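If you scroll down you'll find the structure; I have some questions about it.
What follows is calculated from the coordinates using simple rules that are stated; it is not laboratory data. Given the structure is predicted, the values throughout are model-derived calculations rather than measurements. Because the Cβ atoms are built from the backbone with ideal geometry, glycine has one as well, and the counts that use them run over all protein chains shown.
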Amino acid sequence: MLELPERQSLADVICERLEHMILSGVLKPGQPINEKALSDSNGLSRAPIREACRRLEQAGLVEIIVNRGAYVRTISRRTAEELCEIRVVLAIHAGRLAAAAFTKPRVAELKRTMQAIETAARDGDLAAFYRLNHDFHMAIIEAAGNRRLAEIYTGINKELNLFRWRAFQGAPGLDDSVSAHRAIVAALEAGDADALVATVEAHLRAANKRLMDCGIEDD
């Protein structure tokens, strides 16, 4: 049964639960969201479930097909390429803004996240790796101090997750990511904005290439 926290509507809770299931790969691209099963298993009316699906459609995670229902969105190769390029542009701009904002405590916190990423990579814990990797990069994005940029960047990453779950088998490029994270932290410790931006760009372009080398063709 879904529990309703204070100051959250039922649609909010359902939306968060469904988003987590989509982003974690429990619900895969193209898979239907079964309103009846959700309604029956949680004793809910379908109205808040439909509202949650509409919100997820606006976020680019769900596709609602008339007379058929809601499905986890399938991202085409072309769309993924476009999202990847936008992500790089945003990260470069945010890196320049963030370089001057990183204090020693912030760098120390980022280093702790980096070390946790290395542990997850060594253990082959993909779920922890992707979560910590997201936290690592969002720390830089948020340090830029541009709230809308951070929201757009987060939305793009969520959409790219749909393609990642469709494309990836195994854990490609973890060692390369670990090396890049070390270089990013080193650039921040040195206060070198140019090195930070260059490293972030190279890291994201390499990650984008790994994603696009999966062999999936446009639908």
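At 4 °C and 1.567 mPa s, grab the translational diffusion coefficient of the chain from Stokes-Einstein with a Kirkwood Rh over Cα pairs, rounded to a whole number in µm² per second.
Rounded to a whole number, D works out at 69 µm²/s.
Okay, moving on. With a/c under 1.5 counting as rounded, go ahead and sort the range 1-110 into rounded, prolate or oblate using the C-alpha gyration tensor (a ≥ b ≥ c being the square roots of the eigenvalues; past the cut-off, prolate if a/b is larger than b/c, else oblate). List each step's numbers first, then the result.
Numbers: a/c = 3.10, a/b = 1.61, b/c = 1.93.
Oblate is the answer for the range 1-110, as a/c is 1.5 or above yet b/c matches or exceeds a/b.
Pop out the ³J(HN,Hα) list for the range 199-210 in order, Karplus 6.51 cos²θ - 1.76 cosθ + 1.60 with θ = phi - 60°, rounded to Hz; leave Gly and Pro as x.
Listing the rounded values in order: 5, 4, 4, 4, 5, 5, 5, 5, 5, 4, 5, 4 Hz.
Also, quick follow-up: What does the net charge come to around Val89 if you take all other residues with beta carbon closer than 14 Å to its beta carbon, with K and R at +1 and D and E at -1? Mind dumping the intermediate values first?
Values: positive: Arg87, Arg96, Arg205; negative: Glu81, Glu82, Glu85, Glu201.
Charge balance in the 14 Å sphere: -1.
Among residues other than Gly155 whose Cβ falls under 11 Å from its Cβ, what is the net charge (Lys/Arg +1, Asp/Glu -1)? Can you show the working numbers first?
Details: positive: Arg87, Arg148, Lys158; negative: Glu151, Glu159.
Summing Lys and Arg as +1 and Asp and Glu as -1 gives +1.
Net charge around Ala202, counting only other residues with Cβ within less than 11 Å of its Cβ (Lys, Arg = +1; Asp, Glu = -1)? Display every interim value, and only then the final one.
Details: positive: Arg205, Lys209; negative: Asp176, Glu201.
In short, 0.
Please label the shape of the range 10-72 as rounded, prolate or oblate, based on the square roots a ≥ b ≥ c of the eigenvalues of the alpha-carbon gyration tensor (a/c under 1.5 means rounded; beyond that, a/b larger than b/c means prolate, else oblate). Mind dumping the intermediate values first?
Values: a/c = 1.37, a/b = 1.20, b/c = 1.14.
Since a/c stays below 1.5, the shape of the range 10-72 is classed as rounded.
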